[in-house]
Amino acid sequence: MAGRGPLVLILSILLTSIARSADAGSATADDTCRKDALSQAGTRPEAYAPRRGGYCDGVVFEAHSGSGELTVIGISASGIAGDPSSGPVRIAAAAAIEGASTALRLQGVAKAPEINYRLDAKLDPGQSLVLDKESALTMVQPHLRAEDVAWLAWSDSAVDGRIYTPTTLAGAGGSGVEIIVRPTIDTTYSILTIERPSANGASPKTLRETARSAGQPIAFGVTSETAGILRINILAVGYDGTTQTANIRLRYPKHKAP
């Protein structure tokens, strides 16, 4: 009987350790989850909730109409594709320029405006986010694949402000960057302008896209001969002259050789 006290103490410590380990993924996810979405989450499997992979995802309603800045919803350096219900999909930040070693915020939203899906996570340097059968991608109706989602990663600092880093499939290469924006007004046309560094005397590069309905995504392909920070401006013009703009600082990656 005398030895029962220490035994009970050891068992208590072990159980506490196991519980903490089980909760570690959820605790990490909670740090980046949308608190308002968590407070409204229901009990359905596809509800927005923390997942064991250290992220939150699920159904989140977002209006795609109204005024405000032009919303950037995706920046990727390679086609992110895959079905989490069939096997793990690993999403990472593209190879960045020297000095880019901070953790990134990662967001995923459904490209189709009529589908309500969102993911929030943190990407530590050199790490990838693994999506599998637990992801709400496999639970929403209709089921979504990774290519049905616009992926966006960024860092914020008091000195540099917000800088975006393209997302990619872990280990994949690429030859350019795709930027996706979502206007909340009906647009007649949209213009993307790249402000290239003045050292080489290059003139800004401009790309133009045609009309879109409010909420419909607009994708631009961007290329650069060198890695570094690009300043990009996107202007969306509505039928009545209303405009929406996005000012982007993009960390253009060093692409891997094919």
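The values are calculated or read from the model by the stated rules, or taken from the named source; none is laboratory data. Predicted model only: the values in this text are computed from it and were never measured. No Cβ is skipped: glycine too gets one built from the backbone with ideal geometry, and neighbour counts run over all protein chains shown. Protein only, heavy atoms only, side chains kept; ligands, DNA and RNA dropped before computing areas. Shrake-Rupley method; radii C 1.70, N 1.55, O 1.52, S 1.80 Å.
A few notes on this one:
- Identity of the residue in region 205-220, out of contact with any Phe, Trp or Tyr (no Cβ under 8 Å at 6 or more places or on another chain) and open to solvent by 20 Å² or more (accessible area, probe 1.4 Å), that ends up modelled with the lowest pLDDT: Lys205
- Region 228-258 - residue that is part of a strand (DSSP E or B), in contact (Cβ under 8 Å) with a residue 60 or more places away in the chain and small (Gly, Ala, Ser) and, of those, surrounded by the most Cβ atoms within 10 Å (Cβ to Cβ): Ala236
- Scanning region 204-258 for residues that are of a type in the set (S, T, N, Q) and more than 18 Å from the chain's Cα centre (by Cα) turns up Thr206, Thr210, Ser213, Thr223, Ser224, Thr226, Asn233, Thr242, Thr243, Gln244, Thr245.
- Evaluation of Thr223 against (1) open to solvent by 10 Å² or more (accessible area, probe 1.4 Å); (2) over 30 Å from Val59 (Cα atoms); (3) touching a Pro at 6+ places or on another chain (Cβ under 8 Å) (one fails), failing number: (3)
- Taking region 213-258 as the range and being under 17 Å from Ser76 (Cβ atoms) and among the polar types (S, T, N, Q) as the test, the residues that pass are Thr223, Ser224.
- Candidate set from region 113-132 (those that are at pLDDT below 95 and farther than 22 Å from Tyr164 by Cα); member that is surrounded by the fewest Cβ atoms within 10 Å (Cβ to Cβ): Glu114
- Which numbered condition Leu137 fails, given (1) of a type in the set (A, V, I, L, M); (2) within 20 Å of Glu62 (Cβ to Cβ); (3) surrounded by fewer than 19 Cβ atoms within 10 Å (Cβ to Cβ): (3)
- Tally of residues being in contact (Cβ under 8 Å) with a residue 60 or more places away in the chain, in a loop (DSSP other than H, G, I, E, B) and on the phi < 0 side of the Ramachandran plot across region 45-66: 8
- Subset of region 54-87 (residues that are among the aliphatic types (A, V, I, L, M) and touching a Pro at 6+ places or on another chain (Cβ under 7 Å)): Leu70, Ile73, Ile75, Ala77
- Of all the residues in region 22-51, those that are modelled with pLDDT of 75 or more, loosely packed, with under 14 Cβ neighbours inside 10 Å and within 22 Å of Gln141 (Cα to Cα) number 2.
- Under the condition of being within 13 Å of the chain's Cα centre (by Cα) and either open to solvent by 20 Å² or more (accessible area, probe 1.4 Å) or of a type in the set (Asp, Glu) (or both), the residues counted in region 156-177 number 2.
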